[in-house]
2 protein chains.
Amino acid sequence: MTIEQNFFNEYRLMYRPFTNQLNVQLEKYQLYSSQWAVLRLLIDKGPHSLVEIANFMFIEKPSVTRLVQKLGELGYVETVAGKDKREKLVQLTAHGETIVQEIQEHLKPFLEKALAGVPTQDIEIATQVLARICANIHQ
Amino acid sequence: MTIEQNFFNEYRLMYRPFTNQLNVQLEKYQLYSSQWAVLRLLIDKGPHSLVEIANFMFIEKPSVTRLVQKLGELGYVETVAGKDKREKLVQLTAHGETIVQEIQEHLKPFLEKALAGVPTQDIEIATQVLARICANIHQ
DNA sequence: TTAAATTAGTTAGCCTAGGTAACTATATAC
DNA sequence: GTATATAGTTACCTAGGCTAACTAATTTAA
């Protein structure tokens, strides 16, 4: 087994357990991890159109439509007119901003437990590796 | 955004694009990445029962049943009697072993391209980080 | 300046990769 | 010898995407 194969093996092995447990953490906010990813984007980088969200998350437009619809029903986001009549800007509601901050606090111990015993520097290196792969994959 | 949040952000962002492209690579062998993961386990660690595969991959028994059924239809694996009449051991067929080696060669450039520009040492660190998280998550 | 092409978003229906509940058959414990 | 546990299967459900085909608005080009 090469070092590359081993890396991607571990990468894949972690995905389900982590996502499942994250979904459990998010249950009390009626959210799934995919929806949480949208909220994270909005709080970190401000309002975005649906196409922008799709490009950022590397998913297709119809997937974004559903995610945003669900977040809208929960009252966490709202859409406002964009720079032309086609575009919709998605932004957090006041309630949404409060909830996102609450969730971030709620998730903190979970994420810290997941990374327990890992030196900060190693987390940073691993983060850079993942980002680099993402860039490599998209040419 | 904390360093932990940033790590898991990058982790999640990479998942779909990578899996989608891996599935494209595996298309000519009529395999999906989930099925490939089973073949990888069998070639690396020898024959396993369905329950063992489930435990190793952190998925449920019915999911393994389906994966193994599909691999059986393709002629890549076969099941033989286990240590009692309930247990089935899943092992690669002769054809399966040939194919797995062929696929590993086929995937090599793809995986290397994905990790292009990443120092070997950083890959190792990232691999350890992922393995540690996996362990932390399962207590 | 109108016709063709492009872009933002939606709807409908599909797929992968899982999951749970409930079952059968065999094995173990009391 | 009955109760419990274990290996595997079947049926059905869910998350988190996908493509194709559409509408409405905008831009390009003839």
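The values are calculated or read from the model by the stated rules, or taken from the named source; none is laboratory data. Keep in mind that what you see is a predicted model, and the values were worked out from it rather than measured. Every residue, glycine as well, gets a Cβ built from its backbone with ideal geometry; the counts of neighbours run over all protein chains shown. Heads up: the accessible areas ignore ligands, DNA and RNA and are worked out on the full protein's heavy atoms, side chains in. Shrake-Rupley method; radii C 1.70, N 1.55, O 1.52, S 1.80 Å.
Counting only other chains, what is the mean number of Cβ atoms within 10 angstrom of the Cβ of each residue in peptide B:16-23?
4
Once you place label points 7 Å from the Cα toward the Cβ at A:N20 and A:K108, how far apart are they in nm?
Taking the simple label geometry, A:N20 and A:K108 are separated by 2.9 nm.
List the lysines whose alpha-carbon lies under 17 Å from that of B:K61, not counting same-chain residues fewer than 8 positions away?
Filter leaves B:K70, B:K88.
Measuring nothing but label to label, 7 Å from Cα along Cα→Cβ, what are A:K85's distances to the other copies in nm, shortest first?
Result for A:K85, in nm, nearest copy first: 7.5.
Using helices alone, I'd like the mean residue ellipticity at 222 nm for chain A: each DSSP H run of four-plus residues gives -39500 (n - 2.57), total over residue count, nearest 500.
Value at 222 nm, helices only, nearest 500: -23000 deg cm²/dmol.
Rounded, prolate or oblate: which one fits the protein assembly as shown, using the alpha carbon gyration tensor with axes a ≥ b ≥ c (rounded when a/c is under 1.5, else prolate when a/b beats b/c, else oblate)?
Judged from the Cα gyration tensor, the protein assembly as shown comes out prolate (a/c at least 1.5, a/b above b/c).
Under a point-charge model restricted to the Cβ atoms of Lys and Arg (+1) and Asp and Glu (-1), what is the dipole moment magnitude of the protein assembly as shown relative to its Cα centre, in debye to the nearest 20?
Charge dipole of the protein assembly as shown: 660 debye, to the nearest 20.
What's the extension gain from A:A116 to A:E60 if we count 0.36 nm per residue and subtract their Cα-Cα distance?
That pair, A:A116 and A:E60, stretches by 16.7 nm at full extension.
Taking each residue in B:116-126, count the Cβ atoms of any other chain within 10 Å of its Cβ, then average. What number comes out?
6
Within the range A:14-137, what whole-number % of the accessible surface is contributed by carbon and sulfur, with the 1.4 Å probe and all protein chains included in the calculation?
Carbon with sulfur: 50 percent of the solvent-accessible area.
When ligands, DNA and RNA are left out and all protein chains stay put, how many square angstrom of accessible area per residue does the protein assembly as shown have with a 1.4 Å probe?
52 Å²
Quick one: grab the alpha carbon gyration tensor of the range B:3-109, order the square roots of its eigenvalues as a ≥ b ≥ c, and give me rounded if a/c is under 1.5, else prolate or oblate depending on whether a/b is larger than b/c.
oblate
Rounded to the nearest 0.05, what FRET efficiency do A:A81 and B:T93 have when you use their Cβ-Cβ distance and R0 = 41 Å?
0.10
Treating cross-link reach as a plain straight distance, find the aspartates and glutamates whose alpha-carbon is under 12 Å from the alpha-carbon of A:K113, omitting any fewer than eight places away in the same chain.
B:E4
Label-to-label distances across copies for A:G72, with labels 7 Å out along Cα→Cβ, in nm, shortest first?
Inter-copy label distances (nm, one decimal, shortest first): 4.7.
Roughly how far apart, in whole Å, are the Cα centres of the range B:1-22 and the range A:65-138?
Between the Cα centre of the range B:1-22 and that of the range A:65-138, the gap is 11 Å.
Between copies, how close do the A:Q21 label points come, placed 7 Å along Cα→Cβ, listed in nm from shortest?
2.8
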